[in-house]
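Below is one structure; the comments refer to it alone.
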Amino acid sequence: PAVHFDSNGLNNFVADHELDEIQNQVRFAHQTLMERSGAGAEYTDWVHWASEQTAESLAPIHAAAKKIQSQSKVLVVIGIGGSYLGARMAIDFVKSPWHNEMVAGEAVKVYFAGNAMSPMALDQLDQVIGDQDFSVNVISKSGTTTEPAVAFRFFKQRLVAKYGEAGAKDRIVATTDANRGALKSEADAEGYPTLTIPDGIGGRFSVLTAVGLLPMAAAGIDIDQVLASAAQAEKTYASDDVHENPALAYAAYRRILYDKGYTTEILANWEPSLQYLSEWWKQLMGESEGKNQKGIYPSSANYSTDLHSLGQYIQEGRRDLFETVVRVDHSKHDLPIPKTGENEDGLLYLEGKSLEEVNTTAATGVVLAHVDGGVPNLAVHLDRQDETGLGELIYFFEMAVGVSGYLFNINPFNQPGVEAYKTAMFALLNKPGYEEQSKYYHDRLNK
Ligand code: PA5
């Protein structure tokens, strides 16, 4: 496997027998997921999705990516939540957060829009694109989400102004539901090519569908390899035994820690290119578990910068935190600490070491300090930060949260809570159909 789970940092906090004691519950939760007998089972097609993909099923994605690469220098990916975070994670993870500055070969630059309401952000992206040739991939499963719909209007207008009506249509790909939603109706009416988001996979589990795969392929990521690794992971994480299946061990320890009062998890990393892994993971965990006044609050920290901010709280604040550190064991690049033979900057003791050695040692030291401060520690080691590591890591976390949701006795695959803000917003914007709520919210503001 490319992913190695390490629970040694729990030694002071969890006894061995506690893992054995939760085994039966975990086995039941795992069975519930695999047999599709639990709440939200209709949204669990991700469990076998990767291994079911074929050259034929992926051909439209490869073809769309090639067309974008032949037409444009820039791809604007419009989407929010599960229709955004996976692709962004993947490009940072496999390529670089500076992908757009380092782009080479066939790959295009990828910019993300429609994940905020901010006019400033949209205007600035517009300026960044400038007169570069661009294409648009608009992604929305429901096809009705306001943020991407507004951004899509904006970029459609820009495409038409630059390429004319027909040229604009030739530069749009809509990734959406097979039948439903405003985006699907519009794509059909206007003749945009579409890629389908399967019914049985919810937004936050959709990174390995066209949602994530088209932007990844356009950026030059080997999507066949990502899927092959996720398909292999289906076998690696098949056992229902917490001692054999690290994804289940992770789910089990999270639940044991929660029951001891550790209700916030920090996903920490030592690579700036893993920041969006945390953003993707926060949606996956938070939307899946945070229900019925239960669930672990998912948060993140980027080291070492956050050791100079959040580090104080983690070391000495309220003791309801545990930490899961994602570590890359073989960095893609290493650099020797420059040799000067001088100690003016106090760094003579580091000469002869590499920066990777210093990074690794810092990470080891931080675990010791945090454990001493009362923060239970889990670690997820990745051999390498490449397509193989990404595919397996995605499956590891998805399997863990599916099981964890059933351990919490909630439906891990719905997200009723994200509707509340939409109702208030639509009511205040006087959207048709929200008349009653409109009066209620306006009255509240006028009190
Ligand atoms: O997980 C979810 O369902 C949400 O966060 C969605 O991913 C997000 O709201 C975007 O929805 P859509 O793809 O329908 O535009």
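Structure notes:
- Leading residue by the ranking (nearest to Tyr111 (Cα to Cα)) among those in segment 134-167 that are among the small types (Gly, Ala, Ser), in contact with a Ser or Thr (Cβ under 6 Å, 6 or more places away or on another chain) and near the ligand (Cβ under 9 Å from one of its atoms): Ser140
- Of the criteria (1) within 16 Å of the ligand (Cβ to nearest atom); (2) among the polar types (S, T, N, Q); (3) touching a Pro at 6+ places or on another chain (Cβ under 9 Å), which one Thr236 fails: (1)
- Test: residue in segment 254-272 that is over 20 Å from Arg319 (Cα atoms), away from the ligand (no atom under 16 Å from the Cβ) and assigned to a helix (DSSP H, G or I): yes
- Which listed residue is under 22 Å from Gly130 (Cα atoms), within 16 Å of the ligand (Cβ to nearest atom) and modelled with pLDDT of 95 or more, from Gly86, Gly79: Gly79
- Checked against (1) of a type in the set (Val, Ile, Thr); (2) over 30 Å from Val328 (Cα atoms); (3) in contact with a strand residue (DSSP E or B) (Cβ under 7 Å, 6 or more places away or on another chain), Thr146 passes all but a single condition, namely (3).
- Some residue of segment 23-32 being within 16 Å of the ligand (Cβ to nearest atom) and either under 30 Å from Tyr253 (Cα atoms) or not acidic (Asp, Glu) (or both): no
- Counting only residues that are in a helix (DSSP H, G or I) and under 25 Å from Pro246 (Cβ atoms), segment 321-360 holds 3 of them.
- Check on Gly203, over 17 Å from the mean Cα position of the chain (by Cα) and not acidic (Asp, Glu): no
- Residue tally, condition touching a Lys or Arg at 6+ places or on another chain (Cβ under 7 Å), aliphatic (A, V, I, L, M) and part of a strand (DSSP E or B), over segment 1-45: 0
- Residue selected from segment 184-222 under the condition among the charged types (D, E, K, R) and farther than 19 Å from Gly402 by Cβ, by the criterion nearest to the ligand (Cβ to nearest atom): Lys184
- Residue match in segment 104-122 (condition: within 22 Å of Lys156 (Cα to Cα), over 22 Å from the mean Cα position of the chain (by Cα) and among the acidic types (Asp, Glu)): no
- Any hit, segment 53-62, residues being within 16 Å of the ligand (Cβ to nearest atom) and either assigned to a helix (DSSP H, G or I) or surrounded by 21 or more Cβ atoms within 10 Å (Cβ to Cβ) (or both): no
A quick yes/no check of all residues on (1) away from the ligand (no atom under 16 Å from the Cβ); (2) loosely packed, with under 14 Cβ neighbours inside 10 Å; (3) at pLDDT 95 or above:
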position: Gly346; (1), (2), (3): yes, yes, yes
position: Thr360; (1), (2), (3): yes, no, yes
position: His370; (1), (2), (3): yes, no, yes
position: His381; (1), (2), (3): yes, no, yes
position: Glu398; (1), (2), (3): no, no, yes
position: Ala424; (1), (2), (3): no, no, no
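- Pairs where the first residue, in segment 198-214, is part of a helix (DSSP H, G or I) and the second is of a type in the set (Asp, Glu) and within 8 Å of the ligand (Cβ to nearest atom), C-beta under 8 Å, 6+ apart: Arg204/Glu287
- Matching residues, segment 168-182, being within 14 Å of the ligand (Cβ to nearest atom) and under 26 Å from Gln124 (Cβ atoms): Ala174, Thr175
The values are calculated or read from the model by the stated rules, or taken from the named source; none is laboratory data. From a predicted model like this one, the values you see are computed outputs, not experimental measurements. Cβ: placed from backbone, ideal geometry, glycine included. Neighbour counts: every protein chain shown.
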